[in-house]
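One structure is given below, encoded as structure tokens.
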Amino acid sequence: TTSLGSGEAANAFVQTVCDSWTGSNFTFILVSAYLVFFMQTGFAMLCAGSVRTKNTMNILIKNVLDACAGALAYYVTGWAFAYGASANGFIGHSNFALAGIDKTGSFDWSLYLFQWAFAAATAT
């Protein structure tokens, strides 16, 4: 039997706490991203209420295409400008279209989705 004071048990406990902390951080960031992206529906309803009935479908399609264009623009340039290596301390100049990023396991996709949701919401 091992007590909590032993090195192995303490390390296992610390690893369990760190894993659950990481999981709860991912969950919080993803739920926040979903809520921010859900603001798009509010903007769509605001725009649909501001136009005549015959133009409702056009304005809703505009909002969907706005989110799609925001996703593409953030993928190509947004992440690089925000988080790329910076020579002048102001804007990034690397990682365009996520080039050079390890996408296998160490990349934080939840942060990417969170930042994209804000970029798409501001473009609306």
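The values are calculated or read from the model by the stated rules, or taken from the named source; none is laboratory data. Source: prediction; values computed, not measured. Note that each Cβ is placed from the backbone with ideal geometry, even for glycine, and that neighbours are counted across all protein chains shown. Side chains included, ligands, DNA and RNA excluded: accessible areas come from the protein's heavy atoms. Shrake-Rupley method; radii C 1.70, N 1.55, O 1.52, S 1.80 Å.
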> Out of all the residues in the range 5-16, is one or more open to solvent by 60 Å² or more (accessible area, probe 1.4 Å), of a type in the set (Phe, Trp, Tyr) and more than 20 Å from Ala120 (Cβ to Cβ)?
Replying inline: yes
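Just a yes or no: is a residue in the range 50-57 hydrophobic (A, V, I, L, M, F, W, C) and surrounded by 15 or more Cβ atoms within 10 Å (Cβ to Cβ)? Show your work before the answer.
Our first condition is that a residue be hydrophobic (A, V, I, L, M, F, W, C); within the range 50-57, this holds for 51, 57.
Now restrict to residues that are surrounded by 15 or more Cβ atoms within 10 Å (Cβ to Cβ): none.
The answer is no, given that none of the residues of the range 50-57 is hydrophobic (A, V, I, L, M, F, W, C) and surrounded by 15 or more Cβ atoms within 10 Å (Cβ to Cβ).
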> Conditions: (1) more than 21 Å from the chain's Cα centre (by Cα); (2) surrounded by 14 or more Cβ atoms within 10 Å (Cβ to Cβ). Met39 meets all but one. Number of the miss?
Replying inline: (1)
> All but one of (1) out of contact with any Ser or Thr (no Cβ under 8 Å at 6 or more places or on another chain); (2) in contact (Cβ under 8 Å) with a residue 24 or more places away in the chain; (3) more than 27 Å from Thr22 (Cα to Cα) hold for Gln40; which doesn't?
Replying inline: (1)
> Of the residues in the range 77-93, how many are of a type in the set (A, V, I, L, M, F, W, C) and surrounded by 13 or more Cβ atoms within 10 Å (Cβ to Cβ)?
Replying inline: 4
> Between a first residue in the range 10-33 that is under 20 Å from Phe107 (Cβ atoms) and a second residue that is of a type in the set (Val, Ile, Thr), which pairs have beta carbons less than 7 Å apart while being 6 or more apart in sequence or on different chains?
Replying inline: none
> From the set of residues in the range 87-124 that are at pLDDT 85 or above and polar (S, T, N, Q), which is nearest to Leu65 (Cα to Cα)?
Replying inline: Thr122
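I want to confirm something. Restricting to the range 97-124 and keeping residues that are aliphatic (A, V, I, L, M) and open to solvent by 40 Å² or more (accessible area, probe 1.4 Å), which single residue is farthest from the chain's Cα centre (by Cα)? Walk me through how you get there before you give the answer.
Kept after step one, since they are aliphatic (A, V, I, L, M), are these residues of the range 97-124: 97-99, 101, 111, 113, 117, 119-121, 123.
Filter again for open to solvent by 40 Å² or more (accessible area, probe 1.4 Å), leaving 99, 111, 113, 123.
On the way: Ala99: 17, Leu111: 4, Leu113: 2, Ala123: 15 Å.
Restricting to residues being aliphatic (A, V, I, L, M) and open to solvent by 40 Å² or more (accessible area, probe 1.4 Å), the top hit is Ala99.
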